[in-house]
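Colleague: Questions regarding the structure given below will be posed in turn.
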Amino acid sequence: MVNYTEIIAKYIAGELSDTDKTTFEKELNSNTELKKEYELQLQIIEGAKRLGLKNQVSSSFKAVKTKKLINKVLIGLAITIATIGAVVLVKKIINKNSSEVLYELNEQGNTNWSEADKRLESQVFKLNPLRDTIIETKNGIVFSIPAKAFLNKQGETPTETIDVEIKEAMTASEIIKAGLSTMSNGKLLETGGMFYVNARVGEENLTIDKSKPLNANVPVNNNKKDMMLFKGERKADGSINWIDPKPLKKRLTTVDITKLNFYPEHFLDSLKNMGFDVKNKKLTDSIYYSFSGYCLTEGGSITRQSAAAQPASPSLTDTTKVAYSFEEAEVYHHELNAFCSEIDPSRVKAIWDKKFNNTILATNEFEERLKVIFTTCNAEILNLYINNLNRPLYQLDSAAASVLNGILKDKFLEFFERGDGGVEISDNQNQQLQKYFEEKRELYAKAVNSALEKMYKEENKKAQIASEEYINHLNTESLRASKVFSEEFELNMDEAYRQLGKQRPTKLPATNYFSASITQTGWNNVDKYVIESTTKRTTLDYTDPESGKKAVIKYEPIMITVNNFKGYDKVMCYMIPDKLSSFQLIKNNGNVFKENLNELIKYSVVIVGFKGNSAYYHVIENAKTQVYSIELASIEQAELDKKLNGSFGLNAGTDLTREINYQLFETKEVARKKQIKDREELRYRLSSAVFPCYKPYVSPEEKLRLEKYAQFQVDSLTRELQKALDAYEN
Amino acid sequence: MTDQDIVNLIRDNKYSPAMKSLYTYLPVVKKFVLKNNGTRQEAEDVFQEGLVIFCNKVTKPNFILSASLNTYLYSVCKLLWLDELKKKNKTIKNDFIELTDANLVDEINDDIDADKPIKRAQEALMKLGQKCKELLEMFYFKKLSMKEIAVKLGFASEKGAKNQKYRCIEKAKENLKHSSI
């Protein structure tokens, strides 16, 4: 039996030799069993063919079914674009009177013209096929025809003038007049208009070079998102059936990219509220880009935080200063612990560049998406758009939507449904721009990072110097003050003993008056009162219990107020006593400088105001115990130095000059710190606008977890996005 | 696409584009079947059977299209469904018979009758293993060479594939004999 099958198969396949074949045929006629087997085998072969056919039929059916499903969802604009057939043709022009058909054969090379072909007027444009051409039809369809778009039957661009024939039915009445229906396989379509286009040289049909498609812009009143392009198929009865729907590409209009707003949504508003000139793009850019590296990058590495890790040393003792440096440290603290898988401004700077003009990025549509991309806090979503400049936006929107959740997903779905197209761009250009982006992004990130690093280093250095200066000043000042105090005390003591008519005992050691231990009785009382009087600057009124003699040294008040006190950063007031070697500080309560003057001493009073880098000066010679209201006058620092050195004793002048220079330095230092504080506060306040997902306080464990999660997210996102995009390839 | 275009495509073995056009006739057939005690699934099955008969007819060397493709396909499906209903002992509604051209009805009935043994053979083949089915389909329908088939189905040699083919035919013949009895 097996032998039968084999030999029958060989016979049927024509594989037998002539002699074998003759033998076989003879046998076939005489051997009924063989004959039966033979017929059975033929039947099986037919069955095998049928099996293949059946499979073919049902697989096509599945394909059609899927397509139908899509049709149900996307029924829309019916535009006919007759693909141009490549068949040679001939001669006779059909009688124009009876019909609008100008040629014998249609684009497919046959004579099957529909009613619409016959009723709609042909518009024929003669054009040079070697040039880019734009033509506009009577109803306003604009075709842009690239050079060499048409090919003749040899597959070459014709050199002679070509005729482009267009028929259009854009209004309801035209459509009805043309007898066009908007049926697609029995389903009614809502139409945005129909047109027919064909190109010829003489009578010869031309084809369109697939790499240079024509672009037809059809005027429609309401651009519905799911309008589609249908192909018209002429039916035997003269009607047209619409098949092969293809989504319409809404080509995007590009604008100058630098005119778009690529900042995060509330960034400019915030700046405006803070009083910045938001029209000054240089300024707003510099503020925005300075946030580069503010967050951890997606690789989890700390960028410039390392440079800012050392806050200015809080060694200052003045309470307001401590507050400053404390807050400064706070700000740094936020940054150190900041975690945000955010879109770094360096990325935005890299694309906000004229280089990206004429890409999908230079469109109002992208500007709108970018606002939402910021709120995803995910650079991968931004990269999706940047890395696929050659794709239409709707594809990227759907890829983005596929990896997002909740409101963000809805947002991107909403974008997707608009069906925004793309901007044509060559692969080469696409690649070059990717490269450009990566290079620039890195460059900007590094530039901002190193600039900030440098700035923070310098600031730390300045803060260091300031604190050293402060300590120096504190030391010299306390020494100087105690020296002056001791001089005044000596003066008072001498006077008290003189009035009591007694000999002063041996002087106490010149240092450490405050802790002088009084062990002797008797005269100790006078000393005690004089110390108290000198320290408190109150009148000494002492009666010697033994002799009844009195010692009186009067301290009487002087009061000074400064006009426009609030206009100065700081006002200092100094008494220069003629009998002592240095100055004494007059304390103030607001604008009231009050001190008691020692009647034994003649005083000059020097008042210095500081404002920014400038100094203001007033001097009261021979100050009396009265109330002064004085006006400060601006003075150059050199002039001030000269005055201070010239007017008073050598020592007092030098000390005062040094003191005032220090005060000037400190004023500047306070201003500098305030500036830093303002800046950091500004950055802090802006950070939520720049980084919508910014989390200032994150524990180290949380940070580690988030970093890991972010890395995982980036990896899986990249995969997911690619998957979503690949879906469009098929 | 004209009827002739579709016929040409099928003859050139270009089934996909042809099928795409032919499926535009499915709704009419479906409507009819649904109206006459059929389900959606049955309508699709009948339509596919109709397509198979049509395609088979088209590939015959002496084929001529005696009616419009639309009419032919619709009529085949109607008659096929009539057979199905007879098997189920069910009647049809009055509006069924509207085929006026007696010659066409005869022609189609002949086609359906001619298809019956082939369909039986196909069913016999369906009972074979997957590899046998694929092998025979590739050889007789797709007209691939044994060498190509050997590669595609992973046979060690062309000869091995050939021997397998004989065994498959053998088995199919056995199946067919049993089904005939």
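Colleague: Please go through segment A:540-588 and give me each residue that is touching a residue at least 60 places away in the same chain (Cβ under 8 Å) and of a type in the set (Gly, Ala, Ser), ordered by number.
Modeller: Scanning segment A:540-588 gives A:Ser581, A:Ser582.
Colleague: Quickly run through segment B:122-181 and pick out the residues that are more than 9 Å from chain A (Cβ to nearest Cβ), assigned to a loop (DSSP other than H, G, I, E, B) and either of a type outside the set (A, V, I, L, M) or over 16 Å from A:Ile45 (Cα atoms) (or both).
Modeller: Of everything in segment B:122-181, those that are more than 9 Å from chain A (Cβ to nearest Cβ), assigned to a loop (DSSP other than H, G, I, E, B) and either of a type outside the set (A, V, I, L, M) or over 16 Å from A:Ile45 (Cα atoms) (or both) turn out to be B:Lys127, B:Gly129, B:Lys143, B:Ser145, B:Gly154, B:Phe155, B:Ala156, B:Ser157, B:Ile181.
Colleague: What are the residues in segment A:475-497 that are out of contact with any helix residue (DSSP H, G or I) (no Cβ under 7 Å at 6 or more places or on another chain), under 15 Å from A:Glu599 (Cβ atoms) and of a type in the set (A, V, I, L, M, F, W, C), if any?
Modeller: Within segment A:475-497, just A:Leu491 meets the criteria.
Colleague: Which of the following residues is within 53 Å of the chain's Cα centre (by Cα) and either at pLDDT below 85 or away from chain B (no Cβ under 14 Å) (or both): A:Ile93, A:Ile79?
Modeller: Sole residue among the options that is within 53 Å of the chain's Cα centre (by Cα) and either at pLDDT below 85 or away from chain B (no Cβ under 14 Å) (or both): A:Ile79.
Colleague: Here's a follow-up. Can you tell me which residue is modelled with the lowest pLDDT among those in segment A:348-378 that are surrounded by fewer than 21 Cβ atoms within 10 Å (Cβ to Cβ) and under 23 Å from A:Ser716 (Cα atoms)?
Modeller: Top of the filtered list is A:Cys377.
Colleague: Also, quick follow-up: Scan segment B:20-38 and tell me whether some residue there is of a type in the set (Phe, Trp, Tyr), surrounded by 19 or more Cβ atoms within 10 Å (Cβ to Cβ), at the interface with chain A (Cβ under 9 Å from one of its Cβ atoms) and not in a loop (DSSP other than H, G, I, E, B).
Modeller: Within segment B:20-38 (the criterion being of a type in the set (Phe, Trp, Tyr), surrounded by 19 or more Cβ atoms within 10 Å (Cβ to Cβ), at the interface with chain A (Cβ under 9 Å from one of its Cβ atoms) and not in a loop (DSSP other than H, G, I, E, B)), the answer is yes, since at least one residue qualifies.
Colleague: Same structure, new question: Quick check on A:Glu459: is it surrounded by fewer than 17 Cβ atoms within 10 Å (Cβ to Cβ), farther than 30 Å from A:Thr718 by Cβ and in contact with a helix residue (DSSP H, G or I) (Cβ under 7 Å, 6 or more places away or on another chain)?
Modeller: For A:Glu459, the condition - surrounded by fewer than 17 Cβ atoms within 10 Å (Cβ to Cβ), farther than 30 Å from A:Thr718 by Cβ and in contact with a helix residue (DSSP H, G or I) (Cβ under 7 Å, 6 or more places away or on another chain) - is not met.
Colleague: For B:Cys55, all conditions in the list (1) of a type outside the set (Val, Ile, Thr); (2) farther than 27 Å from A:Gln41 by Cβ; (3) within 14 Å of the chain's Cα centre (by Cα) hold save one; what is the number of the exception?
Modeller: (2)
Colleague: Determine which member of the set B:Asp106, B:Asp111, B:Asp115 is under 23 Å from B:Glu174 (Cα atoms) and not in a loop (DSSP other than H, G, I, E, B).
Modeller: B:Asp115
Colleague: Identify, from the list A:Gly186, A:Gly202, the residue that is modelled with pLDDT of 80 or more and at positive phi.
Modeller: Criteria check complete, one pass: A:Gly202.
Colleague: Right, next: For segment A:555-569, does any single residue satisfy the condition of being within 18 Å of A:Arg658 (Cβ to Cβ) and part of a strand (DSSP E or B)?
Modeller: No.
The values are calculated or read from the model by the stated rules, or taken from the named source; none is laboratory data. All values reported here derive from a predicted model rather than from experimental measurement. Neighbour counts are summed over all protein chains in view; Cβ atoms, including those assigned to glycine, are modelled from backbone coordinates with ideal geometry.
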